[in-house]
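Here is the structure we will look at, set down as structure tokens.
The values are calculated or read from the model by the stated rules, or taken from the named source; none is laboratory data. Just so we're clear, the structure is a prediction, and the values are computed from it rather than from any experiment. Neighbour counts are summed over all protein chains in view; Cβ atoms, including those assigned to glycine, are modelled from backbone coordinates with ideal geometry. When the accessible area is computed, the model is the full protein with side chains, heavy atoms only, and any ligands, DNA or RNA have been set aside. Shrake-Rupley method; radii C 1.70, N 1.55, O 1.52, S 1.80 Å.
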Amino acid sequence: MPTIYIYSLIDPRNEEIRYVGKAKNPAQRLTHHLKDKGDCHRTRWLNVLKELGLQPSIGILAECDEESWQERERFWIASLRERGCDLRS
């Protein structure tokens, strides 16, 4: 069974966590995020970084399996929001 990673995207300007997601390959998922043309908080934030010549770093919050990733992702989002992280989507 493949490992699922719960990951964060971290703003290089202030080291704040701005996004939490899940992926089998977080580095590849970041590449997809950087190419995303949608209009949401995450893509607007990434576009600002891109204009500044920056990109977020990735932090691995947890490793889990297909059965538990949703619970782990919800846990991390709630926990980080309680700590004041701006995780709007």
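List of remarks:
- Anchor Lys22: lysines whose Cα lies under 21 Å away (excluding residues fewer than 8 positions away in-chain): Lys35, Lys37
- Protection proxy ranking of 81-88, 35-42, by the mean of other Cβ atoms within 10 Å over each peptide's residues and highest first, is 81-88, 35-42.
- Farthest toward the positive end of the dipole of the chain, out of Ile10, Cys64, Asn25, is the Cα of Ile10, where the dipole comes from beta carbon charges about the Cα centre.
- Which label in (1) 38, 28, 21; (2) 34, 32, 24; (3) 39, 38, 15 gives the computed Cα extents along the principal axes in Å: (1)
- Based on protein heavy atoms only, the chain ends up with 62 Å² per residue of surface accessible to a 1.4 Å probe.
- Charged neighbours of Lys22, selected by a Cβ distance under 12 Å, balance to -1 (K, R count +1; D, E count -1).
- Computed over protein heavy atoms with a 1.4 Å probe, the carbon and sulfur contribution to the accessible area of the chain reaches 46%.
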